[in-house]
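Here is the structure we will look at.
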Protein chains: 2
Amino acid sequence: MDQNTMQRLAADLGDLELITDSTALQRYSKDFSWFSPVLTEALEGKRADAIVRPTSEEQVRRVAAACYRHRVPLTLRGSGTGNYGQCTPLRGGVLMDMSGLNKVLWIADGVARVQAGARLVDIDNAAREKGWELRLLPSTYRLATAGGFFCGGFGGIGSITYGSIGDPGNVLGVRAMSLAEQPEVAEFRSAEARDLYHAYGVNGVITELEFALTPAMNWQEAVLSFPSFMEGVRFCQTLGRATGVIKKLLTLLADPLPQMCGLGKDVGEGRAAVLCLVNRAALEAVEEIAANFNGRIERQQDNAEVYGTAKSLVEHTWNHTTLHILRKHKDITYLQSGFRPWENVEKVEQMYRHFGDEVMMHLEFLKADGAVTCSGLQVIRYTTEERLNQIIQYHRDNGVHVSNPHTYILEDGGKLSVDPGQLAMKQRLDPAGLLNPGKMRSWDEKGAAA
Amino acid sequence: MDQNTMQRLAADLGDLELITDSTALQRYSKDFSWFSPVLTEALEGKRADAIVRPTSEEQVRRVAAACYRHRVPLTLRGSGTGNYGQCTPLRGGVLMDMSGLNKVLWIADGVARVQAGARLVDIDNAAREKGWELRLLPSTYRLATAGGFFCGGFGGIGSITYGSIGDPGNVLGVRAMSLAEQPEVAEFRSAEARDLYHAYGVNGVITELEFALTPAMNWQEAVLSFPSFMEGVRFCQTLGRATGVIKKLLTLLADPLPQMCGLGKDVGEGRAAVLCLVNRAALEAVEEIAANFNGRIERQQDNAEVYGTAKSLVEHTWNHTTLHILRKHKDITYLQSGFRPWENVEKVEQMYRHFGDEVMMHLEFLKADGAVTCSGLQVIRYTTEERLNQIIQYHRDNGVHVSNPHTYILEDGGKLSVDPGQLAMKQRLDPAGLLNPGKMRSWDEKGAAA
């Protein structure tokens, strides 16, 4: 952005500061894409020219209008806990930190209405005070914002019961603003709201979200161990399908992952670990089912006593498993894969036998299309990008879906296809194509074709 | 039972009255097996010689000891809402009405401990006062007892989320007494408790049960209508799999059943009806999904305002649908069938097309082995027992499981096989074979072989 544009932008923003401090620019333009050596290289040096930190929707509107008027790219950021460079501006411009819009607006009757920058932990705590809780939390819930989760996340803790935040009924509506001379704000409900889901903020500026909640539960956390990985898999599949056990988490770590991610004191070497959160009364049933697969409960604790601290087992699940391992081990990266229900056990075994120690199995059991299955957050001993792509290709060739976490392109990640609803929403709310440009290939191609 | 035995029994029972009034004997020996013309005929004239109505475990023990000492058959009864003659004594003897043991012992931390004769509605209300509720209720919950439900029931309202009461984690333990010179009482947990599940009281006298609860929910009741039955089926399958919608009930009635069971004011002639209970915030999602199948919400109401009354939609579901229709229409009976997940939609359509109006489709969607599927409580235009058996056989020949509700034999009903755990429990708690004799074929055959 040239100095001239910057000055006019600053003038339009009035008392809203335009931060250009180089340390801040560098820090705010980054997320957790350093998990991926590929993304680390690809996003090297990409950064915003300026940062704004609005604290009200009126200020957001000022930013949206100013960026539109001066045709300046605008990229949104929550807490920067994404893994795919969602908040990294590819073409400079303004980075808008949404974390100042952090109000929990209301909680009533099983619903939470919040501003986009509200942290999930704060929403969850506010909900718990009223007897409810969030259905889904990423492992980054202590930092992550509502808007960041919806725009760049998927699910996590809770997905074993509620699937993803994109499933109908989990997010009831969002309020989103357009980039225009006179930015408009509209409420999008149900299916329309989902056109803004997992779009990296390319197709609208979400200012508020409405989450469906679930009644607060007396969760018990348990670590179990199993003699072999496949016994752990079969246990998880059985527990996943056990409708009488209410579940919030069901994670399986193949040896040596428990040792690598800080669970060595609970789980002996050579054994697979299962981490779960279940309703307290279910512990007897869990123990009974585990015994059928030669497993045992190693340790348990009341989630209420460790919630929000590093002592909670959720710290070792979903992307936090990867985080802990990456921090301690070199030449490691990871994969995100989805196994189809009914064949997931068989396919997991096939991949496990094929790759051995090169692709270490971390499975998260969840609901997909209403059925119990698992996703993989495999930990990979990284050699080259070519080999990484071979590994991905082998999975795909064998019917295992891979959501490549080594790309910042929307369509190359989870969905592997153009989402017409997302595209139409971009046409509607960002006709000038200023929001997070370069992330949505279908938009860029549409532009090139026009 | 001869007068001599009766007198000795009465002497042993002390102040516990032995009721022999003939009207009472007739009434207490019957349940709702009049749903079935086959059972009505088969059970004609079967009745107890005497009734006891204990109000404490000590009195139950006296009955168990006395019946054992004098080798008198002992049959247990809750509220008599069973449909298979569970409480009808085939060989006379004593009928023990358990409804006097009606205490809710305690409710804490997501668990309810109750006496066997406690009514489900009373347990549920007590749980709700503490922020919990029962996971599963039969449509007879206003009358049915905890023990009767566990020993002769399956699931019902709630099964779309929690499966059956036989699924691990739903019933945590039972306290059961043996028939012996010195009756013993023991606590059976988890898998052992399930050996007493759905055994019609043939293998132990349950005096207490421990139910896992679920946090109380703001249920909304809705009636929807669809132009065709198959659109209704596809809607239910989709809603059943929608993890973001919390569900307690999902019932589908093909035309003309809505007209026959009292829903004509809500649902137009020729249309299929869906009755559901979902979390209140999910109504938008339900409406959205319904629209995809050309359906619409006809009426909705707050479950809290109609709970426990005939106004609740649950009055038109599960076996209550059948009840309302049987009361108004002649030459009608019913079927109980189970469709396997993943092929249920296809098989339902096949049966629907094959039988047309002779087998009117009433489906209850539920979880089986963790997956969404449906069971059928088809309403049948009854002609002969031979034709009824043909209908059952056609279902079985085409891979549809039929739990024949036209038999009082345990093994010919739901499971279609001997349950070794049930049999072993009978050997342990009722070695003399006095409990509800004639209902468990595998025991009788074992006796004949010995």
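Observations on the model:
- Of all residue pairs spaced 6 or more apart or on separate chains, those with beta-carbon atoms under 6 Å, a first member in the stretch B:59-77 that is in contact (Cβ under 8 Å) with a residue 12 or more places away in the chain and a second member that is acidic (Asp, Glu) and in a helix (DSSP H, G or I) are B:ALA66/B:ASP12.
Every residue, every condition in (1) on the phi > 0 side of the Ramachandran plot; (2) more than 27 Å from the chain's Cα centre (by Cα), yes or no:
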| residue | (1), (2) |
| --- | --- |
| A:PHE229 | no, no |
| A:PHE235 | no, no |
| A:ALA254 | no, no |
| A:LEU257 | no, no |
| A:CYS261 | no, no |
| A:VAL267 | no, yes |
| A:ASN294 | yes, yes |
| A:HIS316 | no, no |
| A:HIS320 | no, no |
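- Filtered residues of the stretch B:81-105 (kept if aliphatic (A, V, I, L, M), part of a strand (DSSP E or B) and either under 16 Å from B:LEU18 (Cβ atoms) or not assigned by TED's automatic domain parsing to the domain that holds B:ARG119 (or both)): B:VAL94, B:LEU95, B:MET96
- Qualifying residue in the stretch B:70-80 (condition: among the β-branched types (Val, Ile, Thr), in a helix (DSSP H, G or I) and over 30 Å from B:HIS329 (Cα atoms)): no
- Total residues in the stretch B:13-36, condition in a helix (DSSP H, G or I) and open to solvent by less than 40 Å² (accessible area, probe 1.4 Å): 6
- In the stretch B:340-355, of all residues being away from chain A (no Cβ under 14 Å) and open to solvent by 10 Å² or more (accessible area, probe 1.4 Å), the one that is nearest to B:ILE391 (Cα to Cα) corresponds to B:PHE355.
- For the stretch B:413-440, the set of residues classified as more than 16 Å from the chain's Cα centre (by Cα), of a type outside the set (A, V, I, L, M) and at pLDDT below 90 consists of B:SER417, B:ASP419, listed by residue number.
- Residue check, B:LYS265 within 14 Å of B:THR317 (Cβ to Cβ) and either within 14 Å of another protein chain (Cβ to nearest Cβ) or open to solvent by 30 Å² or more (accessible area, probe 1.4 Å) (or both): no
- Check on A:VAL171, hydrophobic (A, V, I, L, M, F, W, C), modelled with pLDDT of 95 or more, under 28 Å from B:GLY110 (Cα atoms) and outside the structural domain of A:VAL372 (by TED's automatic domain parsing): yes
- The number of residues in the stretch B:277-302 that are more than 9 Å from chain A (Cβ to nearest Cβ) and among the charged types (D, E, K, R) comes to 4.
- Qualifying residue in the stretch B:347-362 (condition: under 27 Å from A:PHE365 (Cα atoms) and either not assigned by TED's automatic domain parsing to the domain that holds B:GLU231 or not small (Gly, Ala, Ser) (or both)): no
- Flag for B:GLU358 being away from chain A (no Cβ under 14 Å), surrounded by fewer than 22 Cβ atoms within 10 Å (Cβ to Cβ), closer than 22 Å to B:ARG241 by Cα and of a type in the set (Asp, Glu): no
- Residues in the stretch B:241-274 that are in contact with a Ser or Thr (Cβ under 8 Å, 6 or more places away or on another chain) and under 23 Å from A:LEU172 (Cβ atoms): B:THR243, B:ILE246, B:LYS247, B:LYS248, B:LEU249, B:VAL274.
- Restricting the stretch B:114-131 to residues that are within 19 Å of B:GLU208 (Cβ to Cβ) and part of a loop (DSSP other than H, G, I, E, B) leaves a set whose member that is farthest from the other protein chains (Cβ to nearest Cβ) is B:GLY117.
- Top-ranked residue in the stretch A:87-113 [being away from every other protein chain (no Cβ under 14 Å) and in contact with a Phe, Trp or Tyr (Cβ under 8 Å, 6 or more places away or on another chain); ranked as most open to solvent (accessible area, probe 1.4 Å)]: A:LEU90
- Matching residues, the stretch A:353-369, being in contact with a helix residue (DSSP H, G or I) (Cβ under 6 Å, 6 or more places away or on another chain) and modelled with pLDDT of 95 or more: A:MET360, A:MET361, A:HIS362, A:PHE365, A:LEU366
- Among the residues of the stretch B:375-390, just one is farther than 13 Å from B:MET361 by Cβ and crowded, with 19+ Cβ neighbours inside 10 Å, namely B:LEU388.
- Members of the stretch A:361-374 that are small (Gly, Ala, Ser) and either away from chain B (no Cβ under 14 Å) or open to solvent by less than 10 Å² (accessible area, probe 1.4 Å) (or both): A:GLY370, A:ALA371
- Of all residues in the stretch B:155-175, those that are within 19 Å of A:LEU283 (Cβ to Cβ) have Cβ atoms under 8 Å from Cβ atoms of residues that are among the basic types (Lys, Arg) and open to solvent by less than 20 Å² (accessible area, probe 1.4 Å), 6 or more apart or on another chain, in B:TYR162/B:ARG135; B:ASN170/B:ARG135.
- For the stretch A:56-85, a tally of residues being surrounded by fewer than 19 Cβ atoms within 10 Å (Cβ to Cβ) and on the phi > 0 side of the Ramachandran plot returns 1.
- Looking across B:ALA273, B:ALA304, B:ALA285, one residue alone is assigned by TED's automatic domain parsing to the domain that holds B:GLU358, crowded, with 18+ Cβ neighbours inside 10 Å, among the aliphatic types (A, V, I, L, M) and in a helix (DSSP H, G or I). It is B:ALA285.
The values are calculated or read from the model by the stated rules, or taken from the named source; none is laboratory data. Source: prediction; values computed, not measured. Heads up, the Cβs are rebuilt from the backbone with ideal geometry, glycines too, and the neighbour counts pull from every protein chain shown. Quick note on the areas: whole protein, heavy atoms, side chains included, nothing else; ligands and nucleic acids left out. Shrake-Rupley method; radii C 1.70, N 1.55, O 1.52, S 1.80 Å.
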